[in-house]
Structure formats: structure tokens, C-alpha cells
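Okay, so here's the structure we're looking at.
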Amino acid sequence: MSENSNQFLDALKQMQGVEVGDIVDVEVLDIEDGQIDVGVENAGVEGVITRREYTSDRNADLRDLVKPGDKFKALVLRRAGGDKENGEFFFSVTRLKEREAYDKLQKDFEDGNAVEGTVTSSVRGGLIVDVGTRGFLPASLISNRYVSDLKPYIGKTMKLKITEIDPNKNRLILSHKDLVEEEREEAFDKVASQLVVGDVVEGKVSRLTNFGAFIDVGGVDGLVHISEISNKHVDKPSDVLKVGQDVKVKVIGIDNDRHRISLSIKQTEPSPFEQATADLNEGDIFEGEVKSLTNFGAFVEVADGIQGLVHVSEISNKHVDKPSDVLKVGQSVKVKVLNIDPSDRRISLSIKAADSNASSENHNSRPRRSRNENSVNKKYMSDNDNGFALGDIIGDQLKDRK
């Protein structure tokens with residue numbers, strides 16, 4: 001056999017040592033337009049790496065990325081056509097990196113580790129993220145809140161959880177929402193363990209909705225329902241609050257199962273009753289307007305929106321069958337404060353005790369009620385009460401004033 005034949009067989013033997021799917025060491029021989037010519041070290045095999053198989057940047061100039069003599073590993077993709085000299089192969093660097101990335105990502109997925117990636121573009125339904133390989137982040141998994149605009153995320157580096165991975169199908173689904181939820185639960189447990197219902201703490205308005213305001217208390221959002229924002233009526237939270245505003249809130253509920261904290265702003269402020277009675281004391285005498293009449297007494301305005309009850313037995317030293325027999329709505333009367341019950345928000349008043357002509361006993365002591373009078377009161381008041389319910393007094397009037 002001739003020397004040329006032996007060389008051919010040796011070369012063929014060497015070529016047969018390179019198989020599709022192998023990872024080989026290559027050396028750059030030349031850079032042409034759109035491709036890199038390489039040779040496999042110690043194999044006598046040459047081939048090419050196209051631009052797309054070396055970089056994901058379709059506009060990159062390969063001469064800026066490599067130079068003759070550079071050495072690196074590449075994946076053997078496939079043989080070139082049979083008519084090619086030397087049985088050339090096509091190689092890929094990008095797919096090798098993807099394979100290596102998938103191996104690492106698979107382990108991260110199994111271990112439940114978070115990965116870091118950079119958003120490269122937005123597509124219909126989500127974002128494309130580079131995590132060493134191309135991954136897809138659905139719009140529904142970007143945040144625990146609805147995201148309508150994807151563009152601000154492009155170029156942003158994010159921590160992500162892997163929800164699905166299949167190297168054979170080149171499928172990688174990512175989620176930022178899962179990570180947010182995990183971090184939120186951890187933060188909730190930490191903050192909730194330090195709070196007790198009834199605590200008053202400082203917070204900052206983080207966002208506003210139609211039904212209330214979310215307040216950041218120690219890194220966790222608690223909800224102030226619209227009904228707990230103010231003692232006055234609030235149409236929209238944005239009418240009275242702004243994002244970033246510092247507020248004082250009271251913890252009124254902690255739901256560990258649902259990871260929710262309920263807060264109140266109005267419960268940190270004096271109620272209308274407390275404001276109205278701040279300067280009011282038992283024994284005070286003042287002028288008030290009769291706002292309404294019932295069979296058991298008259299309601300007299302103590303302050304704006306706050307009324308006290310003059311029981312029928314306290315209207316006059318003379319017997320009164322019906323309050324309407326001696327009083328009219330809108331009439332101005334002089335009344336004396338008999339009792340203020342802050343816990344039940346009740347004020348008991350007397351017209352006869354305020355009469356300058358009444359006996360000193362009427363002025364200085366609370367009149368005793370007859371058994372019949374007490375039975376009337378019990379029908380109107382709750383058990384063990386000596387006053388009346390504020391809601392029964394003002395009814396819808398307070399709502400109209402809010």
C-alpha cells in the first residue's frame with residue numbers, strides 16, 4: 001500500500017474519532033464573513049462555526065470576538081454534505097453553553113434554588129430571559145400583581161424560580177411571582193410575630209385601590225379598608241391619602257393562614273363622640289336644639305352630629321305623657337349633663353335638672369327613676385346600660401354628615 005493511502009487511512013481513522021454530539025477542543029484557523037473556520041485539536045478534522053452558533057448577537061462582527069489561534073470547546077453539531085472535502089463538521093459554542101446551562105438549571109430546579117437572569121426582549125404573553133440559555137417568563141408570572149406594560153422590564157436583571165424545564169424540547173419556563181410570594185410569606189411571618197392586635201405602629205402608603213389603602217409596615221403590606229380610613233365618609237382612598245405618605249395605623253386583625261394584616265387609620269384618631277365630649281362634663285348646663293322626639297324622650301344636639309337623650313322623666317318636674325306634648329323639633333332648650341358613657345358612647349341629659357327654679361336635689365343629684373320608667377329604658381337600651389346607643393340616636397344623620 002502506498003504512503004498516500006496510509007495517510008488517507010490514518011486521517012479517516014482520526015475523523016471517525018469525532019462523532020456528532022461530542023464536545024471537542026477546537027482552534028480558530030480563520031474568520032470569514034459570517035463564520036469561523038476551526039480545526040479539532042489532535043484529530044486532523046476541520047469545520048466551521050456560523051455566527052448564530054457562536055453568539056446570540058446576530059449583528060456581531062466575529063472578528064471582534066475571536067482571532068486565529070484562539071482555543072475553546074465546541075459541540076459537534078453534524079457532518080457537512082458528503083461532497084465537502086475532509087468530511088467537514090459544523091460546530092456550535094452557543095448550544096454547548098446551553099447544554100451546560102441546562103445541566104446547572106436542572107440541578108437548581110431539583111434543589112429549588114433561585115436563578116438570576118437578564119430580560120433580553122418582550123414577546124406576546126411574556127418576556128425572554130437569558131439565564132445562561134433562553135428562558136420564557138410568562139406575563140402572569142412576572143409579579144403577584146397584574147402587569148400590563150412589559151417594556152420597562154427589558155434589560156432588567158431579575159431573580160427567578162424555574163417552574164418547568166425540558167432540555168430535549170428546549171423548554172424553560174420561569175417565574176418571578178413564585179419568588180415574590182415566598183419572600184412575602186417569610187417577611188409576613190417575621191413581621192406578624194412582632195405584632196399584636198391593638199398595636200399602633202408607623203407605616204407608609206404603598207399603593208391605593210378603590211377598596212382601600214395598602215400600608216407598608218416593616219416590609220409587609222397591610223390593608224386599611226376604605227371604611228377604616230377616616231371617621232368621615234370617604235368616596236375614594238386617593239381623596240385623602242397619597243402613595244408614600246407616612247401614616248399611623250392600628251393593627252385590628254392578623255390572619256396567619258391567609259398572610260393578611262388588617263389595619264385602621266381612624267382608630268388611631270379621636271372619634272366624633274370623643275371630640276364632641278372632650279370638654280363636656282357631668283353637671284354642665286348648656287343650650288341645645290331638639291333634633292327628634294320619641295315616645296320615651298327627646299334627642300338634643302350636644303355637638304355637630306352628636307346627640308344626647310332627655311328621657312321623658314327628665315323633661316319636666318310635672319308628669320309628661322308624651323315628649324311631643326311639651327317639646328317641638330327645632331326648639332332650643334337648656335339641658336344638664338347627667339351622665340357620659342365613653343365606652344358605649346351615650347350621653348344622658350335632663351331639662352328639668354337645668355331649670356333654675358328646680359330644687360337643689362334636682363340640680364345636684366341624678367333623679368331616681370320609677371320602676372315603670374326603668375322598664376321603658378330597658379326596652380330601648382341594652383342590658384346593664386343607663387344610657388343609649390349612639391347609632392340609635394343619630395341614625396342616618398351621622399352618615400349624611402360624613
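Check the straight Cα-Cα distances from Lys169 and name the aspartates and glutamates below 19 Å, setting aside those fewer than 8 residues away within the same chain. Within the straight-line limit of under 19 Å, Lys169 reaches these aspartates and glutamates: Glu53, Glu98, Glu100, Asp103, Asp108, Glu110, Asp130. Cross-link pairs exceeding 27 Å between alpha carbons, from the set Lys67/Lys104; Lys266/Lys328; Lys190/Lys248; Lys97/Lys161; Lys322/Lys352: Lys67/Lys104; Lys266/Lys328. In the assembled protein chains, Glu100 presents an accessible area of approximately 100 Å² (probe radius 1.4 Å).
Projected onto its three principal axes, the C-alpha set of region 188-283 covers 51, 29, 21 Å, listed from the longest axis down.
Under the combined filter of DSSP loop state and at most 16 neighbouring Cβ atoms within 10 Å, region 298-336 retains these trypsin sites (Lys or Arg not before Pro): Lys318, Lys328.
Short-range pairs are left out: with C-alpha atoms under 8 Å and at least six residues apart, the relative contact order of region 28-178 is 16 percent. Surface analysis of region 198-304 yields an accessible area of 53 Å² per residue, using protein heavy atoms and a 1.4 Å probe.
Give the shape of region 125-231 as rounded, prolate or oblate, defined through the alpha-carbon gyration tensor: a ≥ b ≥ c are the square roots of its eigenvalues, a/c under 1.5 means rounded, and otherwise the shape is prolate if a/b is larger than b/c and oblate if not. Taking the square roots of the gyration eigenvalues as a ≥ b ≥ c, region 125-231 is prolate. Ile226 sits with roughly 40 Å² accessible to a 1.4 Å probe, with DNA, RNA and ligands left out of the calculation.
Using a cutoff of 8 angstrom between alpha carbon atoms and counting only pairs six or more residues apart, the relative contact order for region 56-129 works out to 17 percent.
The values are calculated or read from the model by the stated rules, or taken from the named source; none is laboratory data. None of these values were measured; they are calculated from a predicted model. Because the Cβ atoms are built from the backbone with ideal geometry, glycine has one as well, and the counts that use them run over all protein chains shown. These accessible areas exclude ligands, DNA and RNA; they are computed on the full protein's heavy atoms, side chains included. Shrake-Rupley method; radii C 1.70, N 1.55, O 1.52, S 1.80 Å.
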